[in-house]
1. Could you work out the mean count of beta carbons from other protein chains within 10 Å of each residue's beta carbon in B:14-25?
2. Extending each Cα 7 Å along its Cβ direction at B:ASP114 and B:GLN410, get the distance between those two points in nm, one decimal.
3. What list of ³J(HN,Hα) values in whole Hz, one per residue of the range A:10-26 in order, does the Karplus curve 6.51 cos²θ - 1.76 cosθ + 1.60 (θ = phi - 60°) give from phi, with Gly and Pro shown as x?
4. Quick check on packing: order B:47-55, B:144-152, B:246-254 by the mean number of other C-beta atoms within 10 Å, highest mean leading.
5. Between A:ALA84, A:ALA124, A:ALA104, find the one with the highest GNM mean-square fluctuation for chain A; connect C-alpha pairs within less than 10 Å.
6. If a/c stays under 1.5 just call it rounded; otherwise compare a/b with b/c (prolate if a/b is bigger, oblate if not). Do that for the range B:296-384, with a ≥ b ≥ c from the square roots of the Cα gyration tensor eigenvalues.
7. Could you rank the peptides B:362-375, A:85-98 by their average count of other C-beta atoms within 10 Å per residue, with the highest value first?
8. Go through the range B:25-34 residue by residue and turn each phi into a ³J(HN,Hα) via Karplus (6.51, -1.76, 1.60, θ = phi - 60°); whole Hz please, and just put x for glycine and proline.
Amino acid sequence: MKKANLAYVVEDDPITSTITKLLIKKNLHFKEVQTYANGQRAFDHLLSVLEYGCDVPDLILLDLNMPLMDGWEFLDAFARLPLAKSVCVFILTSSIRPEDIDKATFYQQVSGYFSKPLDKRNVALMQQLFQEATC
Amino acid sequence: MENELSAGVTADLDVLEFIQNQAFDGLYYHSLLGPAYEWVNASFWQSLGYGPHAMPTAAAARCAAMHPADLAAADLLLAECVQNPQQPYDFVARYTHLDGSLVWMRCRGVVRRDAEGTPLQLIVTMLNITPEKQDQKYIQELADHYSLILGSQSVYIVKTDNEGNYTYANDFFYERFGYEQDIIGTSSMLSIIEEDRSKCLDMVMRCFAQPEVSHQVILRKISSDNSIKANHWELKGIVGPQGEVVEILCVGYDVTLLVENLHKLQHLLDVTSQQNVRLQNFAYIISHNIRSHSANLTSLVEMLTEAEDDEQRTMFLQMLQTSTEKLADTIVNLSDIVAVNSNVNKPKAPRVLRAEIDKTLETLSVVIRQHAIKVEVQIPADLVVTVVPAYLDSILLNLLSNAVKYRAPQRPALIQLSAHRESGFVVLTVQDNGLGLDLIKNQAKLFGMYKTFHDNEDARGVGLFITKNHIEAMQGSISVESEVGVGSAFKVWFNEKS
């Protein structure tokens with residue numbers, strides 16, 4: 001069983017963010033879930049984590065449409081980070097735009113693409129993918 | 001010598017026999033004294049298609065084969081010749097061939113008289129000139145045929161020499177382009193609008209290179225009613241005896257309507273595909289926004305039913321309330337956007353730009369004063385823009401409130417407004433010294449729907465999207481220059497042409 005210590009929820013809508021946090025805490029049994037209002041904030045935090053040697057998250061749930069740094073920009077920046085362990089990234093968005101789904105397949109770090117809502121079925125799928133993921 | 005020869009000939013009956021029967025296509029003697037008597041030779045009847053055993057012998061047979069009008073003319077001429085010995089007997093008579101066709105005979109005759117000058121006989125020799133007459137007729141037909149083509153009321157026919165000067169132009173060309181004087185010898189090139197001249201020259205060069213094939217080109221030209229007409233031309237080199245091009249033949253017709261329709265169609269296609277892209281985007285955005293709220297609502301309701309205690313229950317209820325409010329807001333935003341997209345043809349009216357800006361600044365005066373923002377307006381008081389008034393209000397409010405909202409906190413805020421005219425547009429510039437944007441990263445998203453760029457709680461991400469839509473609905477455009485930490489300058493191009 002893969003460790004589920006720390007997850008990031010990167011999402012600009014505070015309500016969605018809170019709901020997601022509660023759901024994955026409860027269903028994916030994460031000890032700690034941190035929320036970030038946009039890609040920039042999550043990325044800045046990861047930088048300081050690297051600098052001070054704190055815990056790197058095991059899972060990142062990433063929204064696509066966000067101000068400052070959107071999901072794609074976050075993925076580009078994230079790919080360049082010298083991380084000691086691999087991190088599982090799931091895209092969690094309300095976009096059903098086919099281009100977005102296609103684009104996500106080009107990102108190696110992305111282990112899954114989920115359309116909101118994060119219902120029971122999606123949660124179960126996420127759990128399975130998280131366990132199987134090589135990251 | 002001549003006398004000697006003719007003396008010999010006159011003496012020799014064989015020669016007379018040859019002249020009488022074979023030297024001409026016809027010969028006859030017509031007596032002018034006593035009862036009408038006529039001798040017609042055999043070659044005449046052969047010329048009219050009669051065989052040696054079927055020749056008419058009646059005295060009036062020749063006259064019967066003659067065209068009645070010519071017969072009358074022949075009688076008149078003979079009467080004149082009888083009266084006046086100086087009058088030559090020479091005319092062309094039409095005879096009817098056995099097969100019904102016309103045989104043209106050039107008839108030359110002489111009136112024989114006795115010593116007292118009394119006319120005795122008319123001697124007439126005939127030459128069959130039917131082939132020449134037929135050639136002449138064919139040439140005439142051909143000429144009529146071509147003049148019919150040249151007189152066409154829908155095709156221009158023009159010729160130029162190697163220097164491009166007119167050598168021929170048909171009536172229709174004169175008529176359509178309102179030339180009152182002869183244009184022969186003037187330059188054809190100068191009448192073509194400047195942008196098309198190089199195209200024309202290029203085609204003429206091709207005519208020199210390949211005169212045997214036609215070269216096609218569309219050229220524009222000012223017509224008599226001062227409108228520009230597009231004409232399709234077919235150019236061909238006319239080759240002289242040495243194989244060199246001596247003239248250029250140009251056959252053209254008006255394609256103005258066709259070209260106009262093509263442009264209209266292209267424009268329509270552009271508009272439609274733009275609208276299509278916009279609509280598709282719109283559909284995705286609607287689904288995105290409504291979906292995100294509905295997803296929240298679904299999750300919250302589920303969580304509410306499974307809540308562990310009152311505290312959680314209260315929290316979820318609170319979140320439910322916020323979510324429903326947000327959904328309502330989204331729907332209001334969407335209806336704003338639909339309104340812009342569906343009202344393409346709202347009527348435009350002239351507005352004094354300065355007065356409209358002052359009105360908007362008044363609306364914002366409280367925040368402007370609160371944050372001690374300096375506003376400089378350098379716009380002539382008489383500058384008028386032609387706009388959909390409601391759109392102008394919305395554009396000004398959006399740009400100015402953005403400039404206020406995204407001011408840089410560390411320096412005194414300054415907003416500068418200016419305007420100038422530029423090639424059919426009035427350009428309004430709204431410049432601030434605020435936060436600025438990284439255009440390299442954000443250019444593509446700046447005017448998109450639901451894109452926000454700063455960590456700003458009340459950013460809806462629809463303002464610039466609607467502004468852009470408003471401006472485009474008025475056939476204008478918007479551009480931006482911006483630098484992080486320096487400020488932004490938005491330029492609005494109001495279309496004053498249409």
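1. Working: counts 0, 0, 0, 0, 0, 0, 0, 0, 0, 0, 0, 0.
Counting other chains' Cβ atoms within 10 Å and averaging over B:14-25 gives 0.
2. 14.5 nm
3. In residue order, the calculated couplings are 9, 7, 7, 8, x, 5, 4, 4, 5, 4, 4, 4, 4, 5, 7, 4, 6 Hz.
4. Details: B:47-55: 13.0, B:144-152: 11.3, B:246-254: 19.2.
Ranked by mean Cβ neighbours within 10 Å, highest first: B:246-254, B:47-55, B:144-152.
5. Of the options given, A:ALA84 has the highest mean-square fluctuation.
6. Working: a/c = 7.17, a/b = 2.14, b/c = 3.35.
Verdict is oblate for the range B:296-384.
7. Numbers: B:362-375: 12.9, A:85-98: 19.6.
Highest mean packing first, the order is A:85-98, B:362-375.
8. Rounded to whole hertz, the list is 7, x, 8, 8, 10, 10, 6, 10, 10, x.
The values are calculated or read from the model by the stated rules, or taken from the named source; none is laboratory data. What you see is a predicted model, and the numbers here were worked out from it, not measured in a lab. Note that we place each Cβ from the backbone using ideal geometry, even for glycine, and neighbour counts take in every protein chain shown. Surface accessibility is based on the protein's heavy atoms, side chains included, excluding ligands, DNA and RNA. Shrake-Rupley method; radii C 1.70, N 1.55, O 1.52, S 1.80 Å.
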